[in-house]
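What follows is one structure encoded as structure tokens, with my remarks underneath.
A short reminder: the numbers here are calculations on the coordinates, not readings from a lab. The shown structure was predicted, so the numbers you read here are calculated from the model rather than taken from an experiment. Every residue, glycine among them, receives a Cβ derived from its backbone with ideal geometry; neighbour counts consider all protein chains shown.
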Amino acid sequence: LTTKLKFGDFPNKYADPLTAKVAILPVPYDGTSTYIKGADKGPIALIEASPNMEMYDIKTGTEVYKQGIYVEDPLKGFNTPDEMVNSVEDKVSELIEKGKFVTLIGGEHSVSIGSIKAFAKKYGNISVLQLDAHSDLRDEYEHSKYNHACVMSRAKEVANIVQVGIRSMDSSELKNMNKNNVFFAKDIYNNKKWIKKAISKLGKKVYLTIDLDVFDPSLFPSTGTPEPGGLFWYDVVEFMEELFKQREVIGLDLVELCPNEQNKSSDFIASKLLYTLLTYKFAFLKNNKK
Ligand SMILES: [Mn+2]
């Protein structure tokens, strides 16, 4: 018998898979990362940090765990990137049909591909909002179209995409980039007007994919490819507040937590970010149903 994972510290009756509104799906996959390895340890590190959070949200005055939050068994054991993508797509589709609000935790960024495909299949016309240091717009990388460096090329095949926080890319990606829908980190720095403009690029239904390397490495060092010049906590959280108020976020993922035994603060920040996003999803639900 395996011990069930639990996200956060609250009474077990709120972690019942039958009644919980939120399903957390860990995908500890690190098959294609190219620099610092270890994103496969991300989901467990995030979940292990989570009981240390306090469960009351000051801004909204809510305790979102009361909506019910449970953790699925981690998806693993894939032999190829294709197998991983298909397996994630099937599992996410199953959870959507059960009426769960699906949140994936990675793993490296390629775990998002199957999830985006599942939501695009279910809802048709969706936008994918990516927060990331990297544009991830290569056609293929290291002989795979399911490499983490190609995630947004795959997303672009099934959705409108908007990219935020970008500060690193290859010239080969320029031909795949729609600069009207890109909010580079250099233009976000010290400027609040970008939030309104970024939201205006999004359709009604939004899938949110957050590569945690969008954060500045001084705040969040534990990622596979840290890049200077990133966003800080309130840049991201204020953007998320507007997003959840103005659009219907249908699903989300947090990827690329690459834990470091010597510094666990990133694990906690990732956990707190996930809880904050869930808080906003339910606190601002009335608004985003319009
Ligand atoms: Mn990235």
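Quick one, can you get me the convex hull of the C-alpha atoms of region 181-244 expressed as volume per residue in Å³? Write out the running numbers ahead of the final one.
On the way: hull volume 5.9 nm³, N = 64.
So the per-residue Cα hull volume is 92 Å³.
Looking at the square roots a ≥ b ≥ c of the eigenvalues of the Cα gyration tensor of region 100-176, which shape do they give, rounded for a/c under 1.5, prolate if a/b is larger than b/c, or oblate? It is prolate, given that a/c is not under 1.5 and a/b is the larger ratio.
Karplus-based coupling profile of region 242-259, in residue order and whole Hz: 5, 4, 6, 6, 9, 9, 8, 7, 8, x, 7, 9, 10, 10, 6, 6, 10, x, with θ = phi - 60° in 6.51 cos²θ - 1.76 cosθ + 1.60 and x standing for Gly or Pro.
With a ≥ b ≥ c taken as the square roots of the eigenvalues of the C-alpha gyration tensor of region 1-84, please select rounded if a/c is under 1.5 and otherwise prolate if a/b is larger than b/c or oblate if it is not?
Details: a/c = 2.51, a/b = 1.76, b/c = 1.43.
It is prolate, given that a/c is not under 1.5 and a/b is the larger ratio.
Computed from backbone phi with θ = phi - 60° and the Karplus coefficients 6.51, -1.76 and 1.60, the 3J(HN,Hα) list for region 133-144 is 6, 10, 6, 6, 10, 5, 5, 8, 8, 6, 6, 10 Hz; x is used for glycine and proline.
What does the convex hull of the Cα atoms of region 58-105 come to per residue, in Å³, rounded to a whole number? Please report the intermediate quantities before stating the final value.
Working: hull volume 4.7 nm³, N = 48.
Convex hull volume per residue, Cα atoms: 98 Å³.
All other residues with a Cβ under 10 Å from the Cβ of W233 taken together, and with Lys, Arg as +1 and Asp, Glu as -1, what is their net charge? Taking every other residue near W233 into account, the sum is -2.
Quickly rank 274-284, 250-260 as a protection proxy: mean count of other C-beta atoms within 10 Å, highest first.
Values: 274-284: 21.7, 250-260: 25.4.
Listed from highest to lowest mean packing, they are 250-260, 274-284.
Among beta bridges identified by DSSP and lying wholly in the chain, the antiparallel ones come to about 10 percent. Rg/Rh for region 1-159 (Cα atoms only, Rh after Kirkwood) is 0.98. Across S135, S171, S112, mean-square fluctuation computed from a Gaussian network of the chain (C-alpha pairs under 10 Å connected) peaks at S171. Note that region 66-75 has calculated 3J(HN,Hα) couplings of 5, 6, x, 9, 10, 10, 6, 5, x, 8 Hz, one per residue in order, obtained from phi through the Karplus relation 6.51 cos²θ - 1.76 cosθ + 1.60 (θ = phi - 60°); glycine and proline are x.
Please report, in debye to the nearest 20, how large the charge dipole of the chain is about its Cα centre when each Lys and Arg carries +1 at its beta carbon and each Asp and Glu carries -1 there.
Numbers: 38 positive and 39 negative charges, 300 e Å.
Rounded to the nearest 20 debye, it is 1440 debye.
Note on K197: aspartates and glutamates with a C-alpha under 15 Å away, same-chain residues under 8 apart excluded, are D187, D235, E238, E241, E242.
In the structure shown, do any of K13/K91; K21/K156; K6/K41 have a Cα-Cα gap over 20 Å, and if so which? Walk me through the numbers on the way to the answer.
Values: K13/K91 24 Å; K21/K156 29 Å; K6/K41 16 Å.
In this structure, K13/K91; K21/K156 exceed 20 Å between Cα atoms.
Taking the Cα centre of region 204-290 as origin and assigning +1 to Lys and Arg Cβ atoms and -1 to Asp and Glu Cβ atoms, the resulting dipole is close to 780 debye. Around the Cα centre of region 28-130, unit charges on the Cβ atoms of Lys, Arg, Asp and Glu (plus for the first two, minus for the last two) sum to a dipole of about 260 debye. Across the chain, the volume of the C-alpha convex hull divided among the residues equals 126 Å³ per residue. Among A20, A39, A133, which one moves the most in a GNM of the chain with springs linking Cα atoms closer than 10 Å? Among A20, A39, A133, the largest mean-square fluctuation in the Gaussian network model of the chain belongs to A20.
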